[in-house]
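For reference, the structure is listed below as structure tokens.
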Ligand SMILES: [Zn+2]
């Protein structure tokens, strides 16, 4: 296949978007469907191959990235500290589960394998306030590419940070573009600047949008990058790029939705010289069954510069 994702005509034809539908109709039709976004974080350009609708849902385990950054940068853990995952762990009256027992696990492994029990134990000392402060530094309370922030708790409903760490709190629903920007902020060097993200079609950015600076320390940047790389090579996103062609770093998130699931995968690539970030939201199915295979389709339907 020839072509370059930065050529708008190409991407439109590739994904079958004719541009003929009114925006409101496009958005109505996209609701309840898979949403995929990508950005080039040198130019700030954002692509909307599935349309302009932007979901705001609970982010699930994507928030382990925020928790890990807070844990490292607040000095509450270090990369060599391990916790034991036996598959079930009780926090007060609530039981936290992992599908398989992960055994003795450190923070990089816990990100890569998305270990709920590592994070339930490690974040006992992490306050909701400290978690949300890191989330704000990572842009989860700020507009992105002309879209207002999704719900961000001003007066958090829950005192324990656990449901925020696991991305299950009902008052914290960042939009999918903010989650894509989170991946971009992990990708760039600590202290580096990310340009204002914007769509090529639509330049009506919200006034308050400013370039963002990576808030990570050298160590939290190292831990989050390594965890996301492990996720894409051996962990929960390992089926995204089995031959490692794009050299992706990724994080998955699955949340219950009624008696079903909805899921996310976010990431960036190539790991050694990051240039693009992406986010895929699947309105039904777990990340393994739905978000990861769907993201794989989009990522491999074009050539990336
Ligand atoms: Zn576990």
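No lab work stands behind these numbers, since they all come straight from the coordinates. Every value quoted in this text rests on a predicted model; they were computed, and no experiment measured them. Glycine gets a Cβ as well: all are built from the backbone with ideal geometry, and neighbour counts include every protein chain shown.
Between residue 200 and residue 129, 0.36 nm times their residue separation minus their Cα-Cα distance comes to what?
Values: separation 71, 0.36 × 71 = 25.56 nm, distance 3.61 nm.
Answer, rounded to one decimal: 21.9 nm.
Would you mind ranking 290, 61 so that the residue whose beta carbon has the fewest other beta carbons within 10 Å leads the list? Walk me through the numbers before you get to the answer.
Details: 290 22, 61 26.
Fewest-to-most ranking of 290, 61: 290, 61.
Note on the chain: GNM, Cα springs under 10 Å; of 47, 60, 103, the largest mean-square fluctuation is that of 103. Remark: spin-label model distance residue 245-residue 260 equals 3.0 nm, labels positioned 7 Å along the Cα→Cβ axis. Once both axes come from the Cα atoms, what is the angle between helix 218-233 and the longest principal axis of the chain, in degrees from 0 to 90, rounded to 10? Approximately 70 degrees, to the nearest 10.
If you take the square roots of the eigenvalues of the alpha-carbon gyration tensor of the stretch 135-205 and sort them as a ≥ b ≥ c, do you get rounded (a/c under 1.5), prolate (a/b over b/c) or oblate?
On the way: a/c = 2.68, a/b = 1.58, b/c = 1.70.
Judged from the Cα gyration tensor, the stretch 135-205 comes out oblate (a/c at least 1.5, b/c at or above a/b).
If you fit an axis through the alpha-carbon atoms of helix 176-187 and take the longest principal axis of the Cα set of the chain, what angle between them do you get, 0 to 90°, nearest 10? The two axes meet at around 70 degrees. Helical runs (DSSP H, four residues minimum) scored at -39500 (n - 2.57) apiece and divided by the length of the chain put the mean residue ellipticity at 222 nm at -8000 deg cm²/dmol.
For the chain, the longest principal axis of the Cα atoms and the long axis of helix 128-137 meet at an angle of about 30 degrees.
Just 99, 109, 178 to compare: in a GNM of the chain, with alpha carbon springs under 10 Å, which one fluctuates most? Top of the fluctuation ranking is 99.
Using a Gaussian network model on the chain with a 10 Å cutoff between Cα atoms, which of 218, 135, 275 fluctuates the most? Of 218, 135, 275, the Gaussian network model singles out 218 as fluctuating most. Per residue, the average separation of C-alpha pairs within less than 8 Å and at least 6 apart gives the chain a relative contact order of 23 percent.
Can you tell me how much longer the chain between residue 151 and residue 209 gets when fully stretched, taken as 0.36 nm per residue apart minus their C-alpha distance, in nm with one decimal? Please report the intermediate quantities before stating the final value.
On the way: separation 58, 0.36 × 58 = 20.88 nm, distance 1.70 nm.
Length gained between residue 151 and residue 209: 19.2 nm.
If you restrict to DSSP beta bridges whose two residues both lie in the chain, what percentage is antiparallel, to the nearest 5? Show your work: numbers first, answer last.
On the way: 36 of 38 bridges.
Here the antiparallel bridges make up roughly 95 percent for the chain.
Using the Cα gyration tensor of the stretch 53-124, with a ≥ b ≥ c the square roots of its eigenvalues, what is the shape: rounded (a/c below 1.5), prolate (a/b larger than b/c) or oblate (neither)? Oblate.
Convex hull volume per residue, computed on the Cα atoms of the chain, equals 125 Å³.
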